[in-house]
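Right, one structure below, let's go through it.
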Amino acid sequence: MVARRNNKSNNLGKSSSAPSAVRSAASALKRDADGGGRRIRLIVGKSGLDGHDRGVKIVARALAEAGMEVIYTGLRQTPEQIAEAALQEDAAGVGLSILSGAHLTIFRRVRELLDERGLGDVVLFGGGIIPAEDVPALQKMGVDRVFGPGTSTAEIADYVRGRLGGGTK
Amino acid sequence: MRKPAAKNRNIGRKPSRNSGRMVKPPDRRASADGALSAWREACAASHPIGERRATLGGLHVEPIYFPVDHSAAEYAEQLGFPGQFPFTRGIHASMYRGRLWTMRQFAGFGTARETNERYRFLLGRGQTGLSMAFDFPTLMGYDSDHPRCLGEVGRCGVAVSSLADMETVFEGIPMGEVSTSMTINGPAAVLLAFYVAAAERQGVERKKLRGTIQNDILKEYHAQNSWIFPPEPSMRLAVDTFEFCAEELPQWYPISISGYHIREAGSTALQELAFTLADGFAYVEAGVARGLDVDRFAPRLSFFFDAHMDFFEEIAKFRAARRIWARHMRDRYGARDPRSWMLRFHTQTAGCSLTAQEPYNNVVRTALEALSAVLGGTQSLHTNSLDESYALPTEGAVELALRTQQVIAHETGVVSVADPLGGSYYLEELTDRLEAGAEEIFRKIESLGGIYRAIEDGYFRREIAGSAARYQREVESGRQVVVGVNRYGGGAAGPIPVLRIDPAVEEAQRARLAELRRTRDAARVRSSLDALRAAATGGANVMPALIEGAHAGATLGEMVGVLREVFGEYHELDRV
């Protein structure tokens, strides 16, 4: 993936980069690789204050390699920045990775902000260090699916294809 | 500034192919015999008699094993005796016969009060050192009532926004007697100031304080991502703490140069080794550039490594790390004090090796990883709890993790012998190869223009992400087996109890801060923040101003806020 910086600053990154969207060059090369249907476009991001990005980068890369158009937000995006990115990028889905324990607060807020922007049909899903017993609460607040540690990237790609594919958006 | 010693034949030299076997030029005999008797004396002086030192079957065990032909030059050069250069076999003559490693479980959650209770519980169960985990607001230098902290307060560690919080964490715990490690990086200097101030409130002298602040900002840029300021002012803050500790806190380790996070972000063992030591060299160079004598601060540098699942590779990594550090410190940086040559390290078992599936398997993984750390000669150890793929550990899970260390220490007999696997053809070969591989990576970093240019270039992040992706492919293809996940699945998952953080913690913490802001001496806070700004701008050491700020009741967010104004903020490179 190649960086697309909002501001064309030097790569020391001293200037603010929110929402620092990163577009997948790999997926650009595979434009229309899925046979003429509209390519699935989604935001993959980190909200909250934690910096654990091993998982989110692996998922972003795998979804791009599976032919989807993935916009990676970068670290520590506020719920407002995530929802705004979903609007600006006309995304069909938002996948969030949260390992800070703030999942209940952040998912709820992102769902609210998406709905406020008229993006009720944008599918919200995610993963991270999330206790199984929190999953029902997350689903109730409108999180479509929660993936736990050890999930294969193929399973996530299948889910995204099944849930967001088929020309629904 | 001292010029590094011009050149040494040991640096970057190719290890000989038969380093496990011994060649014997006669002129080395005398010095090797001298080394042996020096080691015998040091060993006899430092280990207590009492515990049984025999196998379960009753066979007597010697404190170390070495080639019968102990005069061999290669033995002296590649391995040496424990406590002697190049420290491949350990930094102490008698290793764990003299003193066990420190059992230090990383802990902290919720409010300062809850964390205080957990610490007392752990000390009561025989833990020998404390290790503070902070929540993300604290790690990022925000007060608990900052709008960006919604939902984060007390979740991943304890919230410490002021001296008052630090005092509560240590209520009833004598700060002059316990050793405390604090995992804090961007705002490390501020939390150290809170700690010093809290100890002063307990009436404990600075020179009695023992502990470590992680304070390793370089690995934040490579892997862990909890940075605040750009690299240059961050390094300046780190050196301020080196200088302050050298003057005021002689028993404190002002940095723990960390490979753990690099490894957890997906690197290989070799990358972890090489990147961490390269960072270590950068700190040495930064201290020397400040005009500090290398022997003044190098003995107080410490390290932190991961213990992952490949048993022998991990042990070889620890041994290679000691040897590389000793050689570079003596021969490249001209350190003369043997304590400057010794790489001392903390180990944590690999969080990323834990699985959410069949969580009880994690107990076994952690035990094996912990054993590798002990066989590799660690100075302190954290063992992960079986439930950490879900949340912070429950009390019961932490107790089991601590018991794992105690079983290794007291039942297995591995502590009787220093470096008991030394001399294994396989282990020595791996140790040599890791050393050679690390030297190659050091040359690569040099060719990129040094560590700061390599950071700007995204070299470390790219390398680590590449290894993480490769590992993921191996797991998904089944070539890398993870028991209970991609092989032998379907075992008992069993609902395991999970620690809950009460959402009321956040509200309580905000109220506490509001109370502090209302009752403190506003003028004193203002003048302490002005003094901090002046020190930060003018280049004076910031530690005295931070400690005065702590006593005045200035908060973490306020003091870091001043530093943000002066230093600016850092943002990620946005490369995947």
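Details
- Evaluated with a Cβ-only charge set (Lys, Arg +1; Asp, Glu -1), segment B:440-526 carries a dipole of roughly 280 debye about its Cα centre, given to the nearest 20.
- Size of the B/A contact, given as accessible area buried on both chains, probe 1.4 Å, in Å²: 3900
- Shape summary of segment B:362-473, radius of gyration then Dmax from alpha carbon positions: 18.7, 50 Å.
- Cα pair distances exceeding 49 angstrom across the protein assembly as shown, given as percent: 15
- Summing Cβ point charges (Lys, Arg +1; Asp, Glu -1) relative to the Cα centre of the protein assembly as shown gives a dipole of roughly 1520 debye.
- Net charge dipole size for segment B:95-477 [Lys, Arg +1 and Asp, Glu -1 on Cβ; Debye, nearest 20]: 780
- Counted charge near B:Ala540, where neighbours are those whose Cβ lies closer than 14 Å (Asp, Glu -1; Lys, Arg +1): -2
- Counting only DSSP beta bridges whose two residues both lie in chain B, roughly 5 percent are antiparallel.
- Among the helices of chain B, those built from whole DSSP H runs whose Cα atoms reach 15 Å or more along their own axis and whose mean Kyte-Doolittle hydropathy is at least 1.0 are B:188-201, B:556-567.
- For segment B:423-462, a decrease in accessible area of 50 Å² or greater in the assembled protein chains relative to the isolated chain, with a 1.4 Å probe, applies to B:Glu456.
- Heavy-atom accessible surface of segment B:95-477, averaged per residue, reaches 29 Å², computed with a 1.4 Å probe.
- Calculated over segment B:95-477: convex hull of Cα atoms, volume per residue (Å³): 140
- Within 10 Å of each Cβ in B:478-489, the average number of Cβ atoms from other chains: 1
- Spacing of the modelled spin labels on B:Arg125 and B:Glu411, each 7 Å from Cα toward Cβ, amounts to 1.5 nm.
- Of the residues B:Tyr426, B:Tyr253, ranked by 1.4 Å probe accessible area with the largest first, the sequence reads B:Tyr426, B:Tyr253.
- Neighbour net charge for B:Leu400 - beta-carbon separation under 14 angstrom, K R +1, D E -1: -1
- Computed [θ] at 222 nm, deg cm²/dmol, the protein assembly as shown (DSSP H ≥ 4; -39,500 (n - 2.57); rounded to nearest 500): -13500 deg cm²/dmol
- Computed P(r) (all Cα pairs; segment B:310-392; 5 Å bins; percent): 3, 16, 20, 17, 14, 11, 8, 6, 4, 2, 0
- For B:Ile255, residues with placed amide H under 5 Å, excluding near neighbours: B:Ile213, B:Ser302
- Nearest-0.05 FRET efficiency for B:Glu565 and B:Val483, computed from C-beta distance (R0 51 Å): 0.50
- Ranking B:Lys444, A:Lys57, B:Lys207, A:Lys46 from most to least accessible surface, computed with a 1.4 Å probe over the protein chains only, gives B:Lys207, B:Lys444, A:Lys57, A:Lys46.
- Burial of 30 Å² or greater, segment B:186-229 residues [accessible area, probe 1.4 Å, versus chain by itself]: B:Gln224, B:Asn225
- Solvent-accessible surface ranking, highest first, for B:Ser37, A:Ser100 at 1.4 angstrom: B:Ser37, A:Ser100
- Accessible surface of chain B [probe 1.4 Å, protein heavy atoms]: carbon and sulfur percent: 54
- Reachable aspartates and glutamates, given that their alpha-carbon falls under 17 Å from the alpha-carbon of B:Lys207 and they are not under 8 places away in the same chain: B:Glu177, B:Glu243, B:Glu247, B:Glu248
- Per residue, the Cα convex hull of segment B:162-313 amounts to 121 Å³.
- Between the listed residues B:Val560, B:Thr180, B:Phe81, the Cα displaced farthest toward the positive end of the dipole of the protein assembly as shown, a dipole computed from Cβ unit charges relative to the Cα centre, is found at B:Phe81.
- Across the options B:Phe303, B:His328, B:Ala278, the greatest Cα extent toward the positive end of the charge dipole of segment B:248-351 (unit charges at beta carbon of Lys, Arg, Asp, Glu) belongs to B:His328.
- Residue by residue along A:39-52, Cβ atoms of other protein chains within 10 Å of the local Cβ number 4 on average.
- Residue-averaged beta-carbon neighbours from other chains (10 angstrom radius) around B:255-261: 0
- For B:Leu123, solvent-accessible area (1.4 Å; no DNA, RNA or ligand), Å²: 60
The values are calculated or read from the model by the stated rules, or taken from the named source; none is laboratory data. Predicted model only: the values in this text are computed from it and were never measured. As a convention, Cβ positions derive from the backbone with ideal geometry for all residues, glycine included, and neighbour counts pool all protein chains shown. Accessible surface is based on the protein model in full, side chains and every heavy atom, while ligands, DNA and RNA are left aside. Shrake-Rupley method; radii C 1.70, N 1.55, O 1.52, S 1.80 Å.
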